[in-house]
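Engineer: Quick one: this structure, given as structure tokens, is what I'll be asking you about.
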Protein chains: 4
Amino acid sequence: MIGLCLVGGGFIGPLHAANIAAHPRAKLQWVVDLDRAVADALAGKYGARATANLDDALADPAVNAVMICTPPRTHALIIERAAIAGKAVFCEKPVDLDMRRVEACGKVLRSTGTPFFVGFNRRFDPGHRALFDAIRKGEIGRPEILVLSSRDPEISPPDYVAAMPFGIFYDTMIHDFDMIRWLLADEPIEVIARTACMLDAKENPHRDPDTAMVMLRMAGGALVHVNSSFRAVYGYDQRIEAFGEKGMLISRNQQPTMLERYGADGIRQDGLLRFFVERYAESYVRELNDFLRALDEQRTPTIGFEDGRRALLIADAAVKSAKSGAPVAIVMEA
Amino acid sequence: MIGLCLVGGGFIGPLHAANIAAHPRAKLQWVVDLDRAVADALAGKYGARATANLDDALADPAVNAVMICTPPRTHALIIERAAIAGKAVFCEKPVDLDMRRVEACGKVLRSTGTPFFVGFNRRFDPGHRALFDAIRKGEIGRPEILVLSSRDPEISPPDYVAAMPFGIFYDTMIHDFDMIRWLLADEPIEVIARTACMLDAKENPHRDPDTAMVMLRMAGGALVHVNSSFRAVYGYDQRIEAFGEKGMLISRNQQPTMLERYGADGIRQDGLLRFFVERYAESYVRELNDFLRALDEQRTPTIGFEDGRRALLIADAAVKSAKSGAPVAIVMEA
Amino acid sequence: MIGLCLVGGGFIGPLHAANIAAHPRAKLQWVVDLDRAVADALAGKYGARATANLDDALADPAVNAVMICTPPRTHALIIERAAIAGKAVFCEKPVDLDMRRVEACGKVLRSTGTPFFVGFNRRFDPGHRALFDAIRKGEIGRPEILVLSSRDPEISPPDYVAAMPFGIFYDTMIHDFDMIRWLLADEPIEVIARTACMLDAKENPHRDPDTAMVMLRMAGGALVHVNSSFRAVYGYDQRIEAFGEKGMLISRNQQPTMLERYGADGIRQDGLLRFFVERYAESYVRELNDFLRALDEQRTPTIGFEDGRRALLIADAAVKSAKSGAPVAIVMEA
Amino acid sequence: MIGLCLVGGGFIGPLHAANIAAHPRAKLQWVVDLDRAVADALAGKYGARATANLDDALADPAVNAVMICTPPRTHALIIERAAIAGKAVFCEKPVDLDMRRVEACGKVLRSTGTPFFVGFNRRFDPGHRALFDAIRKGEIGRPEILVLSSRDPEISPPDYVAAMPFGIFYDTMIHDFDMIRWLLADEPIEVIARTACMLDAKENPHRDPDTAMVMLRMAGGALVHVNSSFRAVYGYDQRIEAFGEKGMLISRNQQPTMLERYGADGIRQDGLLRFFVERYAESYVRELNDFLRALDEQRTPTIGFEDGRRALLIADAAVKSAKSGAPVAIVMEA
């Protein structure tokens, strides 16, 4: 059994807690939240202990790993404290939003030899994974064009937006930047980004970009396109299309049901699943399992610190391009 | 060039006339219609001659073949006159609605050696044909279950219904009965039919069946289901599903466009094509071509008198079963 | 919390045990299996107690309800014992395969006033449920034609087949017979069935029907078709099509992923889910929840004894028709 | 009747000749081709006159309009000669590949008041047109993102490629550039293009770009993406996706048949139509009809000189961006 301490009981925390509780190899030992009531409620549900003080949990030898579900700007510090305490770390993306902070964090991880996993959950979506497998098997030969649609049904609340400017790159497309590297097993060498504010002032009072389009060139020559919006009224729209010398792969969206309704006015189907916790429900289960299996087998987790750093580096470059209008070259080496 | 005389300028006649005119190997020589004005209008459009008297056209040596598009009860007589005049015959289904009349007609055809083609156009639908080819190639191995949906958007006008009781079998399902024999290369040995009047008295004043379901057993063991309705509000619904030991084939409907519309209320697409002349437009072109090529190559047309007789025989059995409630055995031999 | 005793630790038992364990309102108290090792293994996984003796569990006041997952012929006896012990009962279909035995069991249930639920899980499939809801809301008006495809990827092992002749009706289509009654809110008045042995002697040594087709007429006039096979090589094929005066509803199959593969030889997608535990995974969760909520709210469970009896009555009639060849009238009243 | 002179009997010429012949309001009067044998063959098929000398046809008062199907570099001269001879002009795109030549040609057209139509046939595709109509009706509100996939199954022969460098922009994407302007009723203000040579030296000996990706910003704020390849092994891939504040529209590809094949290895369907003459067969008929109706009704044809000029201007900018790497601003005014 692997004992886990979950840090951050809001938002995505309860989902991870439920998955830990249902996992045959894991045990939720602690829930840590600055709001002790939140920690108590979540811990109580699964027979874990609660605290507002991270040190309580880190001191417990029954804790083998820390799962970090707090707001982005707190990630690096918690990672470092967990690493120094000798715990493995599962961290929701991103590592941090400031590259220097990320690099400092990386030093700690390297010096402590901490097993570290970044929660790029989309890599575990069954459809995206099948697309990945098909590319690896050579089904489309050399990939030449990659097109990602990555759209949310709505914009985050104003406070959240204010806390993370250019969140369309740092919070949403950062997933796509990771997917591009993973799917193509290649690194981008150039990024060009354009943004727009399409929502009205009431929905988007901070006039942070709510619509974006990015073009990337990969070292191996493939051309990549990503588009995002915070207003997909028909649901959470997540598609990947990979085109290559021998064909094309499309990972399409899922619908709540496969019901077709034929009427005098045409054929209707359900829209898409509306929330990422529904669309990626299985991904969250699978990424946890992948992390735990790596710990069990004492091997390096499949998505590591460098993956987190590089996705952020691409996001930084995209923001720079969106601001300057110019193409921005990307150099990956640390 | 093959000279054709078209008999019957209404309903499906103009469609055939246009196809003849566009065919590189055919020439429309005559249009015959009891209503001379109808004959004049259609003939004028394509530079053909018009008459209300069939003999005028049959006497013309430039006429090699007669295409019969008149109401069903006139078919047999016109077939016989054309056959005696030494013309090849393309006849819209059915040969006749009375089996004795059909058999008398068959005798004339045999004694004159007339090349004869029954217009079971659905055999030439590209999707249905691809399904047929896949069965023949053994893609699903031995066919075990066949399911046909055969639904019209609306019922025929009351006069038409009155002139042909049980038209749901004689006019609509007769196509399916032919398709079953063709697709399975086998003959039914039993038919069980049930009908209902679902339309209200205004739409279906004669209370002729407007909804029907049929189960057939084939000599080779396959089980077959057909269902029909005269009220498919979403369009002309024509599907075939063939299930066998190695898989399943489904020939689906066509839509006017492939446009998908994603909105807050779900995903919408166009309904189905609404009229058989749209759905089977290509079938009509292909069946004409098939008939003309048979004449050119002096071989027996691919859908002959016996196909027409057997489809009618199944329809007769279905009506008998619907009336009596009992399963009805089918013996095909003449 | 509702305490449950699971009887029968093989086959579908572990699935139900896992669902009980994951349910926030339920606690698995006992696992009963004649094979004590099976009971121990399953009980141990969820912290429950194990026994080979049903009485041990029935005597425990912590047990509020009994979930029966044993072979069909043992259902009635266990139902009766649980009912007499004052426990609510969730029973996998069927109640029993012998109608007189079913009726005797019903008397016990009525006299004890036992809350009773038959596990017709397909009613809880999200797609089928959405179809049901759409009919209830009047989306297709009056239903006129219902078509059910109900095919398994493979036949059961010979022992299982030998123990339940005509299992294609008693084990497979019994689900469809229940669905028909539920979807149409109507009762069949006539059934006509045909069967075939399509599998070879090696796969189907007992020559029990492995392929079947049924036609039913409902009291309200609707016509219904069901077809089944024990050899759907492409997966577990479960579709429902409801046609009515205002349109059509189709509940289609689900696929493991939504990946499309475009190659020089066409477009490929995954086949269907292959096992009913995958296809109906969510149905099993939902039916358990429905049962538990009924107990909580002290109302009659949604699928009761009479549903179990009537589905069996239709299956009996189908077998009679398949044997005699004649249509068989159905009278539902007890 | 409108008399037409077709110039250029190869490639797309025969398709247009057949459509003219089948059109109830048109008559093919002349076929002009430098290769007299080509002109003779095509003219003979439709009872038209043949010549290698354009002046013969332009001198004929029975010729009302000239349809230009010759290689691109000859278009401008023929347009001018036809305009001066007082004939209406239907010209396959582009007007010319040299912007100064185009502008000179425009002066002649304006001074002669010639009715002029550029053959951007894709505007007449039923699916694309339905998407256009849906945008106009406001179904997706304000369009925010437009994604076009525009891929050919194979590269043109080396001679053709050598004669038109950057043909991926001038010959293929020029259609998309026109579609973008038409669909959004807006003009691009910036274009950024990237290209690659993915085919090997045998297939693409001139190393002209065979793969391209373009990002455009529209004056109204919408962001647009286009990608092209000359190696879509699965067929002619032409899709449009329009995303807006109220939803999304996708015009999908067509397949030869709607047959689905379910086997042990999954589900297969036909690939896409392979040639633009199949995919856009109906578009060619409709654009001709649109042109002829404009002449009949003496109104300006729906796709005019300025549409041709602007599409070329965007293509020029795309080439400039692909060469320099920098974003290129677009100023539409002449």
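Engineer: State all residues of the range D:217-235 that are assigned to a strand (DSSP E or B) and more than 14 Å from chain C (Cβ to nearest Cβ); if no residue qualifies, say none.
Structural biologist: Of everything in the range D:217-235, those that are assigned to a strand (DSSP E or B) and more than 14 Å from chain C (Cβ to nearest Cβ) turn out to be D:R217, D:M218, D:L223, D:V224, D:H225, D:V226, D:N227, D:S228.
Engineer: Moving on to the next point. Can you name every residue in the range C:118-129 that is at the interface with chain A (Cβ under 10 Å from one of its Cβ atoms) and within 21 Å of C:F177 (Cβ to Cβ)?
Structural biologist: Result: C:D125, C:G127, C:H128, C:R129.
Engineer: OK, next. Would you check which residues across the range C:252-261 are facing chain A (nearest Cβ under 7 Å), part of a loop (DSSP other than H, G, I, E, B) and either without any contact (Cβ under 8 Å) to a residue 12 or more places away in the chain or in contact with a strand residue (DSSP E or B) (Cβ under 7 Å, 6 or more places away or on another chain) (or both) and list them?
Structural biologist: Matches in the range C:252-261: C:R252, C:N253, C:M258.
Engineer: Please go through the range A:88-99 and pick out each residue that is surrounded by 24 or more Cβ atoms within 10 Å (Cβ to Cβ) and out of contact with any Gly (no Cβ under 8 Å at 6 or more places or on another chain).
Structural biologist: Matches in the range A:88-99: A:V89 only.
Engineer: Within the range C:43-70, work out how many residues are of a type outside the set (V, I, T) and closer than 14 Å to C:V118 by Cα.
Structural biologist: Selection size over the range C:43-70: 3.
Let's see how each residue does on (1) assigned to a helix (DSSP H, G or I); (2) in contact (Cβ under 8 Å) with a residue 12 or more places away in the chain:
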position: C:A134; (1), (2): yes, yes
position: C:I140; (1), (2): no, yes
position: C:S149; (1), (2): no, yes
position: C:M173; (1), (2): yes, yes
position: C:I180; (1), (2): yes, yes
position: C:V191; (1), (2): no, yes
position: C:A201; (1), (2): no, no
position: C:P205; (1), (2): no, yes
position: C:V214; (1), (2): no, yes
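Engineer: Working only within the range B:155-185, note down all residues that are at pLDDT below 95 and of a type in the set (F, W, Y).
Structural biologist: If the condition is that a residue be at pLDDT below 95 and of a type in the set (F, W, Y), then B:Y160 is the only one that fits.
Engineer: While we're looking at this one, here's another question. Looking at A:E144, A:E139, can you tell me which residue is within 14 Å of chain C (Cβ to nearest Cβ) and buried (at least 21 other Cβ atoms within 10 Å of the Cβ)?
Structural biologist: A:E144
Engineer: Just one of (1) closer than 25 Å to B:R136 by Cβ; (2) buried (at least 19 other Cβ atoms within 10 Å of the Cβ); (3) within 14 Å of another protein chain (Cβ to nearest Cβ) trips up B:P209, so point out which.
Structural biologist: Of the numbered conditions (1) closer than 25 Å to B:R136 by Cβ; (2) buried (at least 19 other Cβ atoms within 10 Å of the Cβ); (3) within 14 Å of another protein chain (Cβ to nearest Cβ), the odd one out for B:P209 is (1).
Engineer: Of the residues B:P61, B:P24, B:P72, only one is within 20 Å of B:G10 (Cβ to Cβ) and of a type outside the set (D, E); which?
Structural biologist: Only one candidate passes the filter, namely B:P72.
Engineer: All but one of (1) part of a loop (DSSP other than H, G, I, E, B); (2) under 20 Å from C:S149 (Cβ atoms) hold for C:S283; state the number of the condition that does not hold.
Structural biologist: Answer for C:S283: the failing condition is (1).
Engineer: With the requirement that a residue be part of a loop (DSSP other than H, G, I, E, B), on the phi < 0 side of the Ramachandran plot and out of contact with any Leu (no Cβ under 9 Å at 6 or more places or on another chain), what does the range D:305-332 give you?
Structural biologist: Passing the criteria: D:A326, D:P327.
Engineer: Can you find a residue that is buried (at least 20 other Cβ atoms within 10 Å of the Cβ) and within 9 Å of chain D (Cβ to nearest Cβ) anywhere in the range A:169-192?
Structural biologist: Taking every residue of the range A:169-192 in turn, at least one turns out to be buried (at least 20 other Cβ atoms within 10 Å of the Cβ) and within 9 Å of chain D (Cβ to nearest Cβ).
Engineer: Go through (1) assigned by TED's automatic domain parsing to the domain that holds A:E139; (2) surrounded by fewer than 18 Cβ atoms within 10 Å (Cβ to Cβ); (3) at pLDDT 95 or above for A:S251 and report which single condition fails.
Structural biologist: Among (1) assigned by TED's automatic domain parsing to the domain that holds A:E139; (2) surrounded by fewer than 18 Cβ atoms within 10 Å (Cβ to Cβ); (3) at pLDDT 95 or above, the lone unmet condition for A:S251 is (2).
Engineer: For the range A:236-251, does any single residue satisfy the condition of being more than 21 Å from D:G141 (Cβ to Cβ), within 7 Å of another protein chain (Cβ to nearest Cβ) and part of a loop (DSSP other than H, G, I, E, B)?
Structural biologist: Looking for residues that are more than 21 Å from D:G141 (Cβ to Cβ), within 7 Å of another protein chain (Cβ to nearest Cβ) and part of a loop (DSSP other than H, G, I, E, B), one finds at least one in the range A:236-251, hence yes.
Condition check ((1) in contact (Cβ under 8 Å) with a residue 24 or more places away in the chain; (2) crowded, with 23+ Cβ neighbours inside 10 Å; (3) in the same structural domain as D:D237 (by TED's automatic domain parsing)) across all residues:
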position: D:R286; (1), (2), (3): yes, no, no
position: D:F291; (1), (2), (3): yes, yes, no
position: D:D296; (1), (2), (3): yes, no, no
position: D:R299; (1), (2), (3): no, no, no
position: D:A315; (1), (2), (3): yes, yes, yes
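Engineer: Here is a further query. Suppose we filter the range C:20-55 for residues that are under 24 Å from C:Y280 (Cα atoms) and touching a Phe, Trp or Tyr at 6+ places or on another chain (Cβ under 6 Å); how many remain?
Structural biologist: Of the residues in the range C:20-55, 2 are under 24 Å from C:Y280 (Cα atoms) and touching a Phe, Trp or Tyr at 6+ places or on another chain (Cβ under 6 Å).
Engineer: List the strands (runs of 3 or more DSSP E) inside the range A:1-76, counting only whole elements, that have at least 3 residues being surrounded by fewer than 17 Cβ atoms within 10 Å (Cβ to Cβ), free of Cβ contacts under 8 Å to residues at least 12 places away in the same chain and touching a Leu at 6+ places or on another chain (Cβ under 6 Å).
Structural biologist: No strands (runs of 3 or more DSSP E) qualify here.
Engineer: Mind checking which residues of the range B:273-299 are within 22 Å of D:E278 (Cβ to Cβ) and within 14 Å of chain A (Cβ to nearest Cβ)?
Structural biologist: Correct list: B:L273 only.
Engineer: State all residues of the range A:77-90 that are part of a helix (DSSP H, G or I) and small (G, A, S); if no residue qualifies, say none.
Structural biologist: A:A82, A:A83
The values are calculated or read from the model by the stated rules, or taken from the named source; none is laboratory data. What you are looking at is a predicted structure, and each value in this text was computed from that prediction instead of being measured. As a convention, Cβ positions derive from the backbone with ideal geometry for all residues, glycine included, and neighbour counts pool all protein chains shown.
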